[in-house]
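Written out below as C-alpha cells is the structure these notes cover.
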Amino acid sequence: MNNRFLLILAAIVIGFFGILFFNKKENPVQQGQLTNHTYGEGKTGVVLVEYGDFECPACLRFYPVLAQIKEIYKEDITIQFKHFPLVEIHQNALIASRAAEAASNQDKFWEMHDKLYENQQSWARASDPSTFFVQFATELNLDTERFKTDMAGEESNRSVQADLGEAKSQGYNSTPTFTLDGKKLEEPQDRVEYFSQLIDAAIAEKQKSGQ
C-alpha cells in the first residue's frame, strides 16, 4: 500500500467527517426533536392536531372554540399543539413559541399557551415581547431566571424549528392548520359544532373498525 493511496484514503475520510460536521452545524431543524404537547386522555384513539402560530389572528379566533372542544372531549380524544410560527408575516411568533417551550420545561406549556393567546394584542407588535412573556411566567409562578434562559436557549429553538419543518414538509402554508387522525381538515370553521361533528364521526369510525 503506497503513500499516494494512503493520502487519497485520508482525504476521503476527512471529507466525509467534514460533511457530517457541516450538516450538524447548519441544519438545526434536523437536530431538534418534535414537540409532544398533548391534552386529554385519548380513550378512543382519535387525535386532533393543531399547527398554530401564537401571533396569528385566525388562531386566536379558534382558541375559544378549541378550549370548549378540549373540555367536551377531554376523556375521549387527544388534542396536540405543534408550533408553526409564520415568521415572514408575524415578527414575534417565533419568540412566542420559544416562550411556550420554556414554560413547558417547567410543566406549564398549556398555561403559557393560554396566556399567549389571551394576551395576543398586548405583545404581538411589541418591540420586545419577552418582557410580556416574563410577566406571564411570573403570573404562572415559574422560575423566571430559568424561564429566560430556556427561552433564549438553542434547545427551545430546535424544538420549534422541528415542528416548523414538519409542517412545511407536509406542504402546510397557513395557520391554523388542523389534522384529524392524520387527515388535514380543509377550510376549517371556528365553530364548536363543526369540530364536534368531525370528531364524533372519527370516534364512530374507530369503534366500527375496532381500532
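The values are calculated or read from the model by the stated rules, or taken from the named source; none is laboratory data. Here the structure is a predicted model, which means the values were calculated and not measured. Backbone-built Cβ (ideal geometry, glycine too); neighbour counts: all protein chains shown. The area values use the complete protein model at the heavy-atom level, side chains included, leaving out ligands, DNA and RNA. Shrake-Rupley method; radii C 1.70, N 1.55, O 1.52, S 1.80 Å.
See the values below:
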| read-out | value |
| --- | --- |
| 5 angstrom amide H check on Val46, placed H, neighbours 5+ away | Thr78 |
| Amide proton proximity set for Thr35, modelled H, under 5 Å, gap of 5+ | Asp163 |
| Under Karplus coefficients 6.51, -1.76 and 1.60, residue-wise ³J(HN,Hα) of segment 63-77 in Hz, glycine/proline x | 3, x, 5, 5, 4, 5, 4, 4, 6, 5, 10, 4, 8, 8, 10 |
| Heavy atoms of His37 accessible to a 1.4 Å probe, total area in Å² rounded to 10 | 20 |
| Placed amide H near Lys82: partners under 5 Å, 5+ positions off or other chain | Glu50, Tyr51, Gly52 |
| Karplus-derived 3J(HN,Hα), 6.51/-1.76/1.60, for each residue of segment 97-113, Hz, glycine and proline x | 5, 5, 5, 5, 5, 5, 5, 4, 5, 10, 6, 10, 4, 5, 5, 6, 3 |
| Hits among lysines - C-alpha to C-alpha of Lys82 under 27 Å, sequence gap 8 or more where chains match | Lys24, Lys25, Lys43, Lys70, Lys74, Lys108, Lys115, Lys148, Lys168, Lys183, Lys184, Lys206 |
| In segment 81-162, the GluC sites (Glu not before Pro) that fall in loop regions by DSSP, at most 11 other Cβ within 10 Å | Glu88 |
